[in-house]
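The values are calculated or read from the model by the stated rules, or taken from the named source; none is laboratory data. Because the structure is a prediction, the values reported are computed rather than measured. With ideal geometry, Cβ positions are generated from the backbone for all residues, glycine too; neighbour counts draw on all protein chains shown.
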C-alpha cells in the first residue's frame, strides 16, 4: 500500500514538473533592454507568450519606468491611475497571469509593447 501511494505521488509530481519548467522568462528588448530606439513589435513578433511566462524589464530607472495595463488602456495610450501598476526599479518582472491582450508602457519615454 505504501509503495502504491508513493508511486501515485511520484506520478503527480512527474506530470507537474514539465508544466512548471515550461514557463519562460523573456528579457524585453534582449541585450538592449527597455529603452528608446527599439522596435518592440519586431522584438515580440516571433515570440509566443503563455500564461506563466515572465517579462523581464531592464532599464535605467532615472529615465524610464514600466506601467502594466490592459489592452484598452494600451491601445488608447492611457496611463493607469492605479499606482500599484507602475514599476520603476530598473529591473522589474511581470508574470503573465491571464490570456488575452495585455500591454506595458513607459510613460516617461513613450515606449509601448503589446503581449
TODO: Taking the residues in region 76-88 that are on the phi < 0 side of the Ramachandran plot and in contact with a strand residue (DSSP E or B) (Cβ under 8 Å, 6 or more places away or on another chain) as candidates, determine which candidate is surrounded by the most Cβ atoms within 10 Å (Cβ to Cβ).
DONE: 87
Open item on the list: What are the pairs with Cβ atoms under 6 angstrom where one residue, in region 44-73, is on the phi < 0 side of the Ramachandran plot and in contact (Cβ under 8 Å) with a residue 60 or more places away in the chain and the other, located anywhere, is in a strand (DSSP E or B) and surrounded by 15 or more Cβ atoms within 10 Å (Cβ to Cβ)? Sequence gap at least six, or different chains.
Closed with: 55/26; 55/94
- [ ] Can you tell me which residue within region 47-61, out of those that are modelled with pLDDT of 90 or more and more than 9 Å from the chain's Cα centre (by Cα), is nearest to residue 88 (Cα to Cα)?
- [x] 61
- [ ] Any residue in region 90-108 that's closer than 11 Å to residue 28 by Cα: show its pairings with residues that are part of a strand (DSSP E or B) and modelled with pLDDT under 70 at Cβ separation under 6 Å, as long as the two are six or more apart or on different chains.
- [x] 104/113
Task: Within region 1-35, tally of residues that are surrounded by 10 or more Cβ atoms within 10 Å (Cβ to Cβ), modelled with pLDDT under 85 and either in contact with a strand residue (DSSP E or B) (Cβ under 8 Å, 6 or more places away or on another chain) or not in a helix (DSSP H, G or I) (or both) - done: 1
